[in-house]
1. Mind running the shape call on the range 27-85? Use the C-alpha gyration tensor, a ≥ b ≥ c as the square roots of the eigenvalues: rounded below 1.5 for a/c, prolate if a/b tops b/c, oblate otherwise.
2. Mind giving me the nanometre distance, one decimal, between the label points for R189 and L74, set 7 Å out from Cα along Cα→Cβ?
3. Angle check, please: helix 227-239 long axis (alpha carbons) against the longest principal axis of the chain (alpha carbons), in degrees 0 to 90, nearest 10.
4. With labels modelled as points extended 7 Å from the Cα through the Cβ direction, what inter-label distance (nm, one decimal) is found for A255 paired with R38?
5. Under Stokes-Einstein, with the Kirkwood radius over Cα pairs standing in for Rh, what whole-number D in µm²/s applies to the range 8-58 at 20 °C and 1.002 mPa s?
6. Which value, in debye to the nearest 20, gives the size of the charge dipole of the chain about its Cα centre, when Lys and Arg are +1 and Asp and Glu are -1 at the Cβ?
7. Can you give the FRET efficiency to the nearest 0.05 for Q207 and E57, using r as the Cβ-Cβ distance and R₀ = 56 Å?
8. Shape call for the range 94-154 from the C-alpha gyration tensor, a ≥ b ≥ c root eigenvalues: rounded (a/c under 1.5), prolate (a/b greater than b/c) or oblate?
Amino acid sequence: MSTEGSRAKLDRYLRYLKSDSSNVRLLADAIDAALELRDTEQGFDLIARALSLQPGERSLLYRKGCLELLAGKLDEAETTLRELAAGDPAPEVRLMLAQVLLLKAKYAEAKAELAAILPPAHRLPEAPALYLRALHHLGEVKEAIEFSERYLAENPGDADVLALLSTLYVDSGDLQKAEAVAQRSMSARADIPEALTTLGTAALGTQRGEEASAYFAKALERNPRSGRAWVGQGLAQMYSLDLNKAEESLKRGVANLPSHIGSWHALAWCQMLKKDYAAAEASFSKSLELDRNFSESHGGLAVLAATRGDSATAKPLIERALRLDPQSFSGRFAQSLLLRKGKPEAADRLVQTLVSSIKFPDGRPMISALTQKHKR
C-alpha cells in the first residue's frame with residue numbers, strides 16, 4: 001500500500017476511535033497502520049492506550065516490540081520480545097527478537113533464535129537471510145555457504161539469499177562464483193546492496209575500474225552505511241589515482257568497518273600515495289592494534305619506513321613480518337625498497353604500480369584480499 005493509502009487508513013481508524021475509544025481491535029488495527037507508516041510517535045500513543053485496556057495481551061506486546069525496534073529502542077525491544085519468547089516462543093516473535101539481537105551485535109544469540117525457526121522458514125521468508133547474516137558476522141563462512149546452497153536448491157529465486165551468498169563467495173576467494181550468483185540476484189531483484197557490491201568487487205578484480213565504481217555508487221545509494229561498498233569505491237578511485245576522493249571513501253569505509261584490518265590497510269596505502277606519511281603510519285598502527293600478529297601490518301609499516309629511507313626502523317619490521325608469514329607481500333615489498341636504497345621516486349613508482357594493477361604478486365586481486373578476513 002502507498003504511503004498515502006496507509007495515512008488515509010490510519011486517519012480513518014483514528015476517527016473511529018473518537019467514538020469507540022475502548023475498542024482494542026480497532027486500536028490494534030490503528031497500530032498496524034502506524035507501523036506501516038513508520039509513525040512511531042502515534043504508534044506508542046496507541047499501544048499505551050491499548051495496553052491500559054488489556055495489559056497482558058500478547059499480540060499487543062508483540063506490536064510494542066515492533067515499535068521499539070522501529071524506533072531504535074533496542075534494549076526495550078529486546079526486553080519486550082524476550083518476555084514474549086519465554087512464554088510461548090512463536091516463530092514470528094523469535095524472528096523479531098533475532099533482528100534486534102543482530103542490531104545489537106549479539107550474533108551467536110541471533111543465530112540460536114533463527115536456527116530454532118528455520119524448519120518453518122516458508123512461513124517466514126526473511127529468516128534464511130537473517131540466519132546467513134548471523135553466520136557471516138560470526139565468521140562461519142563455510143557453514144553459511146553450505147546452508148545457502150542447500151536452501152537455494154529448493155528456493156532458487158530468493159534474491160536476498162543469492163546476494164548474501166555472493167558476498168560469502170567473495171570472502172572465500174571465489175570471485176567467479178560470486179559474480180555469477182550476484183547476477184542471479186540482480187535478475188530476481190535489482191536493488192540489493194550486497195549483490196551490487198559483489199559485482200563492483202568482481203569488476204575491480206578484473207581491472208574494470210569505471211564499471212566497479214558505478215556498481216559501488218548504486219550500492220551506496222541503497223545503503224550509505226555499507227563499509228564494503230565504501231572501501232570498494234575507495235579502491236576504484238585509487239585505481240584511477242583520484243586520491244583525494246579515494247581517501248574520503250576509505251575513511252567512510254573504516255568508520256563503518258572499524259575492526260576490519262584490510263580496510264585500514266587500503267586507507268594506509270592511499271595515504272602513502274598522497275605522501276601523507278603520518279596519516280599512513282596512524283592507519284597501519286590502527287590495524288596493528290586490531291591484531292599484533294598479522295604480518296601485513298608490520299610489513300606495511302616497514303614499507304613506510306623504507307619509503308622514508310629509514311632502514312634502521314624498516315629492517316626489524318621486515319624481519320617480524322617475514323617471521324610471521326614468509327610470503328608476506330608487504331614485507332617483501334619493503335625489502336625491495338631497501339634494495340633501491342630508499343630512493344623516493346622508485347618507491348612512488350612501485351606503490352603506484354601496486355595500486356593501478358590491483359594485483360598481488362601471487363595473482364590474487366587486492367580487492368579480494370581486502371574484503372576477506374585477515375590471515376595470520
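1. Details: a/c = 1.87, a/b = 1.09, b/c = 1.72.
Judged from the Cα gyration tensor, the range 27-85 comes out oblate (a/c at least 1.5, b/c at or above a/b).
2. Taking the simple label geometry, R189 and L74 are separated by 2.3 nm.
3. Roughly 30 degrees, rounded to the nearest 10.
4. Distance between label points: 2.0 nm.
5. The diffusion coefficient I find is 200 µm²/s.
6. Details: 50 positive and 49 negative charges, 221 e Å.
Once rounded to the nearest 20, the dipole reads 1060 debye.
7. Numbers: r = 60 Å, r/R0 = 1.07.
Efficiency, rounded to the nearest 0.05: 0.40.
8. Details: a/c = 2.30, a/b = 1.17, b/c = 1.96.
Verdict is oblate for the range 94-154.
Each reported figure results from applying straightforward, stated rules to the coordinates on display, with no laboratory input. As the structure is a prediction and not an experimental result, all values here were calculated from the model. Glycine also receives a Cβ, built like all others from the backbone with ideal geometry; neighbour counts cover every protein chain displayed.
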